[in-house]
Structure formats: structure tokens, C-alpha cells
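**Student:** Can you keep this structure in mind? I'll have questions shortly.
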Amino acid sequence: MKKKGNKKKVVLTTMFLCLVIVGICFLCVPLFKNLKFGLDLQGGFEVLYKVESVDGSKMTSEKMTATYKTLSKRIDSLGVSEPEIILEGTDRIRVKLAGVTNPEEARSQLSTVASLSFRDTDDKLLMTSDVLSAGQAKIGQDDQKRPAVALTVKDKDKFYEVTKAISEKEDGKNMIVIWLDYNPLTDKFEDDKNTCGASGSNCLSAATVSQGFASDVIIQGNFTLEEVENLVDLINSGSLPSKLSEVSSQTVGATFGDRTLEKTLIAGIIGIALIVIILVAVYHFVGFVASCAMIIYAFLVFLVFWLIGGVLTLPGIAALVLGIGMAVDSNVITFSRIRDELHKGKSLPVAVREGTKSSFSAIIDGNLTTLIVAIIMFIYGESSIKGFATMNIITVIVTMFTMVWLTRLLINAFVKTDFFNDKVNLFINVKKKNIPNVSKNEEVKVRPFSKVNFLKHRLIWSLISVVIIVAGGVMIGVKGLNLGIDYKAGSDITISTEEKVTEKVLKADLKELGFEASEITMLDDEVVIRVDKSFSGDEVKEVNSYFEDKYDAKVNIGVVTNIVKQELVKNAVISVLFALVGIIIYVSLRFKFSYAVGGVIALVHDAAMMFALFALLRLEVDSMFIAAILAIIGYSINDTIVSFDRVRENLKAVDDNKLDKVKLEEICNRSIQETFSRTLFTSITTLIPVIALTFLGSREIFTFNMAMLMGLVAGTYSSIFISMSVFLGLEKRNIGKPKKKKKIYTDEFEEKKIKGINC
């Protein structure tokens, strides 16, 4: 038996190690100084292009790859570190240039049609890409079977005439130099001959010509296969040529990014600090352990994100902060179960063992459903939604490691010391007087919310939801939704200036520029102007220069065309439908179909409530609003599954033959009573960071935070009143019905009885 002093020493040592690990996490924060920040946090330029071939032929994956390589080479010349170039679909390319200082130069450089030219060593133009068959350069081999570039010549007469003339030159000038986007002011073969073919050089190749060619030719040299592949892509991109049509763009000033990052981090820190305080206040020592695990969790999320080369965006930070609130839920479920076991009169070691065991299935189900939604968001989301989904996926995975495995490991380590056996109140805030003495046949003394009948007035609660949803539907029918630029198409101009400006003056400014402002929002430190027209690249430059010169303002301009709007609407609908279908399938497999129906109707209710409230309050609906709906779908089903898990557990203890409608309703109500404390506490810990982000965070994610705020309240409400009511209604119909007998297959054969033979 361990002495009391030794027990205390072990506990203090383990606590000290926890604090050391947390301290190491803080000390390692500088490692993330090279973490890549997105446009919204660093400033820069983002543009989405529709890619078309000039000759009208269909864009293929090979042509898209060639265009991708061309854009990569052009970005090298801009000096932008770690750009993002993303192929979207079969004919679109999104380019993100965080930290770019001159968006107009970037736009001009990127959108120019690729130009391939053949010149001599004195930089005199010999031929253009017109002599080649568009996009027909291929990987070939020279006489020695080394990798080479095979060119398909279209104008063989011209090609022979030029190559014949070059082959007759002497003094090492019998060479044809191939250039991509040749610039007469900066490109000289004499200067570039040693770097020809290297990254950052417009000189692609310098080939020696020994005779005239009137057929297809190859460019040979000491090329590696990778160099040949790159050269083929570049030549094809220059000989297509592809035409880039700008369909959306966004410019974010560095000042905006710095301010946004600062506000969001402050809001996140405040939210996390409040969660720590509440955890310790409500759960005492295990709350302290969970807080340490939460800090380690935040560190590991950043570490994983850094290791995979993720780009941290504003929605990504929002997903992290929200993930912390949801990750705490895993511990709350476990702690609630441990308390339940203690209230049944079990010892602390037994209560911890039984509580962690019984809570595991609910935690797994909740996190997997959240993961399903996050994966769907990643597949069908665009830009910022993808960033949110990526962080969401990471948070779910890290949650299972830290908030489940690590927390349980630490708690079990402390319990094994036996130090807390007679200090249960210090350990998990359960008073000794509330623990029944089983040996004296004492009954359970604490049954939280045991006198509340949550299902008694379920029709009234449902009616309240119906009234709000119908009112919102009427508002949508009369005035429509207040659609943001993502779903309405047009241009957003955000101006930050110290000069006094009025709405009237700004409207006059827009009129002078030849545009009409459809909406102007005056905020404390900036003004947002909405124009229903999608600006062209030149118009963006004109508007930007006008406000910068007139008001010495920092200007951000976002542009979305109808093409993007239609794609976003389609993806939003598909994302929500697939999320619902995925959850129906998963819950049906893990529970049964009636649970899935109850859960999905609750999710549809949550989404409808969010739309209705946004319509009634005239809040803006943008792409992040859809991300919020998907996040709430993941959160709400998590909440619902915890209640359903308790129902399933309670039903197992009842004989099917003794189950009637009254007993079923009693079990459903008791399940809500037993999980209500956890539901309430989880909602609070998740709401805290969201509230902090809503009121202290950046305006750029205000819509998302408001949607999350409404969705969390609606999700908590539906988990208690809607999903359980639907499940109860469906299951009541099945009571008394004969159950289908399952066929039992066996390898044993029953002997057939035949009179007079074997009977």
C-alpha cells in the first residue's frame, strides 16, 4: 500500500510534467514563424481564371497542365514566395499570391497570352509559334536514346527556310534560341545563355542547327526526363496559346491582413482562457487536466498544419477556435459518465473505468460524423471553405489523440495513485454526501433534471420552430435573402481611411467613375461599397487608384462573376445534400433508420432556422454562411448522437415484451435528463469562442460567426426537442408489431422422419 506522502509526491510530479509539456508547447511556438498565411491574414492578390484555347478546341488536362506550368514560370519572375496555383475543374485556375505588393503588375503578368518565339543568338526574331502545331510538343528520344523534345512542325516550308539559313552560320552562331514571353528590354541571349532552361529564365532552350529541316524535329541536349517534361509543357503553353478570362479576383492590403490577424488571435485567446476557467470551476482537477490537454491539442493542430504545408486563413483560425470548443465535448462526455457512475455509488477507480468505457462509442460516433461533413466540405468547397474544412479535418483527428487518449491516460495515471480516492470532490467536483453507500442499500441521491419532462410540451416547441421558419420563408419570398457578393455576383470595395467620408459623397465618387453603388455600409474603421457590376482588371485598377489618391485610403476590391456565382450555388446545394445523405447512412448503420430520420430532420430544422433568422435580420448570406451550415450539421448530429446513444443504452436494459408507448416515452425523457447537463455545458464551451470571435474578431468572418451562433443555439434546441420527438413518434408505431425473425443458418441437418423407417 502506498504511503500518503508518496501518493502526493506522485501526483505533484505528474502535474509538474503536465505543466512542463504545456510550457514546451509555448516555447515551440516560434517554430511556426514560417507558417504560411493566406491572403486575408497577409495581404496579397487572388484571381480565378477561366482557361480557353484560342483556336476554340476543347481544353484537355494536358493543356491545363501546360497553362499551369506557364503561370508558375511567370510567378517566379514576380518574386512571390510559395504561391498557390490550384486547378479547379476542367477549365479554371485559381492563383493566390500572398504578400504580393503590386496586384496590378501581377494581374498584367499573369493574364498575358503565352508567347513562344524562335530567335537567333543576336535576339533577332526568326519564327513564332505559328510554325508549330498547337500543343503538339511531346517527349521523344535522340539517336543515343536520351530524353529529347519532339516538335510537330505545321509550316514546314518556313521551318526549312529558317533552319537552313541558321545552319550556314559560323562562329558558333548556328543556333536557334527558344523564348517564352520574350522581353526585349530585359532578355538578351548573351546574358542568359548560361541560365537558359533554368527556373526564372524566359530562355527555354538553345539548340544547335546543323542542317535545314522540312519535317518534324527534336530538341536534343543533356536533358533529364524531368527537364524534358517541363520543356514540353512550357512549349505547349506557349504554342497553344491559352486565353485567360478573369472571372473573380480579390485584393487584400497588408494592413487589413495584420489587423484581421490581431483581432482574431485576441478573440481566440480570450475564448480559450474562458473555457479553461470554466473547465476548472466545473470539474476541478480533471478540468485542469483537460485544460492542459486542450493547450497541447492547439499546439499539435498547428504542428500538423505546419508539417503538411497548410496555408492558414481566417476561416482556418475560426475552425481551430471552434474545434477547441467541440474538442472539449469529448472530455465533457467522459466526465459526465464518470459522475454518473459515482452517483450510483461506485468507487473512483471503478467509476473512471466504467465512465470512460461507456462514453467511448458516443465520442467516436460524434467525431466521425463531423469528419464526414468536413470531408464533403473539402471536396466541394471553394477557396475559404476548403481552408475551413482542412483545419476541421485536422482538429477531429487531433481531438481523438489528445482529448480522448491523452486525457484518459493522464486521468488513469492520477487515479492509480489512490491519492484522490477520498478526495472525489477535488478530483471531479462530486461531493461525498451525494455518493450513495451501496453496502447500506442507499439509492441514487442525485438525478439532475429528473423532475423536468422535456417531451411533455414537444408539440409547442415544434410549433415555435415552425412559426420562425415560416416567417423567414415569407420574408425570403417578399424581399429575398440578403445575398453577399459570392452568390449575387458583382464587386465589393472596402475602404479604410482617416478622412471623414459620407454615404452621399461616396455615391458621387462611384458615379464619377461610371458605376452605381447598390449598397454602402459605414463601419467604425472602414466602409464597404457594393456594386452589382463585376469589374474588369482595368476597372479594378482605376477604382483602386481613385480612392487611394483621393482619400489616401487602403483599398481592397473583391470581384465575382456570374460564372463563379452559379458554381458556388451548385456546390453549396451538393455539399449540404451529400452531408445529409452521408449522415443518414452512417447513423442508420451505427444505430437504426429511425434514429437517422430523427437526426436528419433535426439537421434540416437547424439549416432552415439559420436561413429564416438571416432573412428576418437581413444578414448577408455568403460562401462562409454555407460553411457554417455544414459545420452546424456536424456539430448538431454530434449532440444528437450523444442523446441517442443513451436511449440505445437504456433500451437494452428493458425487455422488448414489456416495452409500451408510455415506457418508451419515459426512457426517451430520462435519456435527455441524463445527458442534458453535458449538452448544456458543451453548448456553452462551444459558444464561448464563437461569441468572442463574433464581437471581438474581424468583420470578414462576422457572417460566419453569427451563423454559427444561431446554428449552435438551434442545434442544441433541436437535439433535445426535435430529433427525440421524431424518433419517439416513429418508434411508437413499431411497438406491438411482430418483429421479423432473422433467418438462422446452420451447418447441422435435421433428420427427416419417415414412418416405418426411422419412427
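The values are calculated or read from the model by the stated rules, or taken from the named source; none is laboratory data. What you see is a predicted model; the values in this text were computed from it and never measured. Note that we place each Cβ from the backbone using ideal geometry, even for glycine, and neighbour counts take in every protein chain shown. Ligands, DNA and RNA are stripped out before the accessible areas are found, and what is left, the full protein with its side chains, is counted by its heavy atoms. Shrake-Rupley method; radii C 1.70, N 1.55, O 1.52, S 1.80 Å.
**Student:** Could you pull out the residue among 171, 187 that is of a type in the set (Asp, Glu) and either open to solvent by 90 Å² or more (accessible area, probe 1.4 Å) or in contact with a Lys or Arg (Cβ under 8 Å, 6 or more places away or on another chain) (or both)?
**Tutor:** Answer to the check: 171.
**Student:** Can you name the condition, by its number, that residue 227 falls short on among (1) more than 22 Å from the chain's Cα centre (by Cα); (2) at pLDDT 75 or above; (3) surrounded by fewer than 24 Cβ atoms within 10 Å (Cβ to Cβ)?
**Tutor:** (2)
**Student:** I need the full set of residues from segment 432-452 which are exposed (fewer than 11 other Cβ atoms within 10 Å of the Cβ) and on the phi < 0 side of the Ramachandran plot, in order please.
**Tutor:** From segment 432-452, those exposed (fewer than 11 other Cβ atoms within 10 Å of the Cβ) are 432-433, 437, 439-441, 443, 451; that's our starting set.
Listed by number, the residues that qualify are 432, 433, 437, 439, 440, 443, 451.
**Student:** So how many residues does segment 29-57 have that are at pLDDT below 70 and more than 25 Å from the chain's Cα centre (by Cα)?
**Tutor:** Residues flagged as at pLDDT below 70 and more than 25 Å from the chain's Cα centre (by Cα) within segment 29-57 amount to 4.
**Student:** On to the next question. Within segment 663-680, does at least one residue satisfy the condition of being of a type in the set (Lys, Arg) and out of contact with any helix residue (DSSP H, G or I) (no Cβ under 8 Å at 6 or more places or on another chain)?
**Tutor:** At the first step, the residues of segment 663-680 found to be of a type in the set (Lys, Arg) are 663, 670, 678.
Next, only the ones that are out of contact with any helix residue (DSSP H, G or I) (no Cβ under 8 Å at 6 or more places or on another chain) stay: 663.
Yes.
**Student:** Among the residues of segment 616-625, count how many are farther than 14 Å from residue 488 by Cβ and buried (at least 23 other Cβ atoms within 10 Å of the Cβ).
**Tutor:** Qualifying residue count, segment 616-625: 1.
**Student:** Determine which single condition residue 614 fails, assuming it passes every other condition in (1) at pLDDT below 80; (2) closer than 30 Å to residue 521 by Cα.
**Tutor:** Here residue 614 clears every test but (1).
**Student:** Residues in segment 390-403: is at least one over 17 Å from residue 325 (Cα atoms) and open to solvent by less than 30 Å² (accessible area, probe 1.4 Å)?
**Tutor:** Looking through segment 390-403, none of the residues is over 17 Å from residue 325 (Cα atoms) and open to solvent by less than 30 Å² (accessible area, probe 1.4 Å).
**Student:** Residues of segment 470-494 being modelled with pLDDT of 80 or more and of a type in the set (Ser, Thr, Tyr), which ones?
**Tutor:** Hits for segment 470-494 are 491, 494.
Okay, residues lined up against (1) at pLDDT below 75; (2) crowded, with 16+ Cβ neighbours inside 10 Å:
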{"residue": "87", "(1), (2)": "no, no"}
{"residue": "94", "(1), (2)": "no, yes"}
{"residue": "105", "(1), (2)": "yes, no"}
{"residue": "114", "(1), (2)": "yes, yes"}
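**Student:** Please work out if residue 590 is under 17 Å from residue 367 (Cα atoms) and among the basic types (Lys, Arg).
**Tutor:** Details: under 17 Å from residue 367 (Cα atoms): yes; among the basic types (Lys, Arg): yes.
Yes.
**Student:** Additional query: Which condition does residue 467 not pass, out of (1) over 32 Å from the mean Cα position of the chain (by Cα); (2) of a type in the set (Val, Ile, Thr); (3) modelled with pLDDT under 85, if it passes all the others?
**Tutor:** (3)
**Student:** Same structure again: Hey, can you tell me all the residues within segment 188-211 that are in a loop (DSSP other than H, G, I, E, B), out of contact with any Cys (no Cβ under 8 Å at 6 or more places or on another chain), touching a residue at least 12 places away in the same chain (Cβ under 8 Å) and small (Gly, Ala, Ser)?
**Tutor:** 199, 200, 210
**Student:** Going residue by residue through segment 661-680, is there one that turns out to be open to solvent by less than 30 Å² (accessible area, probe 1.4 Å), more than 27 Å from residue 458 (Cβ to Cβ) and within 34 Å of the chain's Cα centre (by Cα)?
**Tutor:** no
**Student:** Please go through segment 133-149 and give me each residue that is within 17 Å of residue 204 (Cβ to Cβ) and open to solvent by less than 30 Å² (accessible area, probe 1.4 Å), ordered by number. Reasoning before the result, please.
**Tutor:** Residues of segment 133-149 that are within 17 Å of residue 204 (Cβ to Cβ), as a first pass: 134-140, 147-149.
Those that are within 17 Å of residue 204 (Cβ to Cβ) and open to solvent by less than 30 Å² (accessible area, probe 1.4 Å): 135, 137, 140, 148, 149.
**Student:** Which one of these is among the hydroxyl-bearing types (Ser, Thr, Tyr), modelled with pLDDT of 75 or more and surrounded by 14 or more Cβ atoms within 10 Å (Cβ to Cβ): 60, 101, 70, 65?
**Tutor:** 65
**Student:** Hey, among the residues in segment 248-290 that are surrounded by 22 or more Cβ atoms within 10 Å (Cβ to Cβ) and of a type in the set (Ser, Thr, Tyr), which one's modelled with the highest pLDDT?
**Tutor:** 283
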